[in-house]
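First up is the structure itself, then whatever we jot down about it.
The values are calculated or read from the model by the stated rules, or taken from the named source; none is laboratory data. As the structure is a computational prediction, the values presented were derived from the model and not from experiment. Backbone-built Cβ (ideal geometry, glycine too); neighbour counts: all protein chains shown. Accessible surface areas use protein heavy atoms only, side chains included; no ligands, DNA or RNA. Shrake-Rupley method; radii C 1.70, N 1.55, O 1.52, S 1.80 Å.
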Amino acid sequence: MSATSTVDPNATSVTSATVEATMPHLRLLNQLFLQSVSCQVITGFFAWAALIITAHHIFLHLTNYNVKNEQKWIIRLLFIVPIYSFDSWLSLLFFNNDYYYVYFNAVRDCFEAFVIYCFLSLCYEYLGGEGNIMAEIRGKSIEHSYMYFTCCLAGRGYTIGFLRFCKQATLQFCIIKPLMAILILILEAFGKYHDGDFSPNGGYLYIMLINNVSITLALYGLFLFYFATKNMLKPYNPVIKFLTIKSVIFLTFWQGVLLALLEKIGVIEAYEGPHVLSAGTVAAGWQNFIICIEMFFASIALRLAFPHTVYLNPSRPTTQRVVTMQSISNNLKETMNPKDIMHDAIHNFHPNYQQYTQYSPQNYEPIDSSKSPPKV
């Protein structure tokens, strides 16, 4: 004996019609929000608040620029907030154009690579430079760790080649990421790049894979360096600083991947209104909207992770400190001077320097582990 069930075709058609009528309406509301004045006001508030908080933070470091070798890297790191927030906000202001966001994203991508290198360089300065670090780790063996993926390296001794690899791993990301950003602009001009398009005939899939490999290698180099020097770095709270920087970079990266997947499965679709926008543009719009809000919280987190108070000169009370705008301007120019970065890149990649240890002219004595420097 078999049971049969009947379905009312009229009810089914009504339900389908209702869903089809409702979903486009919801998508329309979502997509129009990114073009609305409300969206621009909300993102503008968070973006400008983040910019003001960070600008004041940078100003405090510049007026107390007493440890230049460290503070120049901190200031360079802090620029991630104004660049990310203002860039994303401007992208939303020009959201009605289907391609402008690509140019804004290219600027953001280039600085993203620079941030990881800045953080590693800051850790070098905390420990007194390459010479001091080698004096501490030379002769020691790499320990076995599944967490830091040193299984294949266990038992090998720390050499200058180890430090070279850590720096090269981060520097290659500073090269690959901008090159990929330029390639995106070229492919976009020829119609071969669309965000979220995983087709093998387009450039998005390959660029995403290359960027993934490059950033993974950069972070692996950073992990290896921390694994080798974690006891020396402990007084400087490196984990808090690293997690703050990493969360900013990884949140934006994986948000982009998630939005691309939502576009791929049809949750985010193209908008056909007065200004026709592709699904990739809509996804990028939501990415920029989220980044503007995140940067506000990032500016607060970075202020706590990299306080200026540890660089105050105790011999000069705050009430007696006079800092001219000229000195602040000179300090900022020194921070923005890329000469040290170019020198470091040459030193780490040129074959003639592979076996040479670089000593800091100011700090070249081995670190005394028994002394606890002030926490930064």
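Quick notes on this one:
- Exposure rank, largest accessible area first [Trp286, Trp73; 1.4 Å]: Trp286, Trp73
- Figure note: Met134, Met336, Met325 ranked by solvent-accessible area, largest first, 1.4 Å probe, ligands and nucleic acids not counted: Met325, Met336, Met134.
- FRET efficiency for Ser141 and Lys68, using Cβ-Cβ distance with R0 set to 25 Å, rounded to 0.05: 0.10
- Cα gyration tensor shape for segment 47-150, rounded if a/c is under 1.5, else prolate or oblate: oblate
- Potential extension, Ile300-Glu272 segment - 0.36 nm per residue separation minus Cα distance: 6.2 nm
- Order of exposure, largest accessible area first, which applies to Leu51, Leu127 with probe 1.4 Å: Leu51, Leu127
- Accessible area per residue, Å², segment 151-273 with all protein chains present, probe 1.4 Å: 47
- Environment charge at Asp340 (Cβ cut-off 12 Å; Lys +1, Arg +1, Asp -1, Glu -1): +1
- Cα gyration tensor category, rounded, prolate or oblate, for segment 81-234 with a/c compared to 1.5: prolate
- Exposure of Leu179 as accessible area (Å², to 10), given a probe of 1.4 Å and all protein chains: 90
- Using a probe radius of 1.4 angstrom, the carbon and sulfur fraction of the accessible surface of segment 61-192 is 65%.
- Global form of segment 194-298, assessed from the alpha-carbon gyration tensor, a/c cut-off 1.5: oblate
- Residue-span extension gain [Phe94 to Asn313] - 0.36 nm each, minus C-alpha spacing: 74.3 nm
- Computed E for Gln326/Leu251 - FRET, C-beta separation, R0 51 angstrom, nearest 0.05: 0.85
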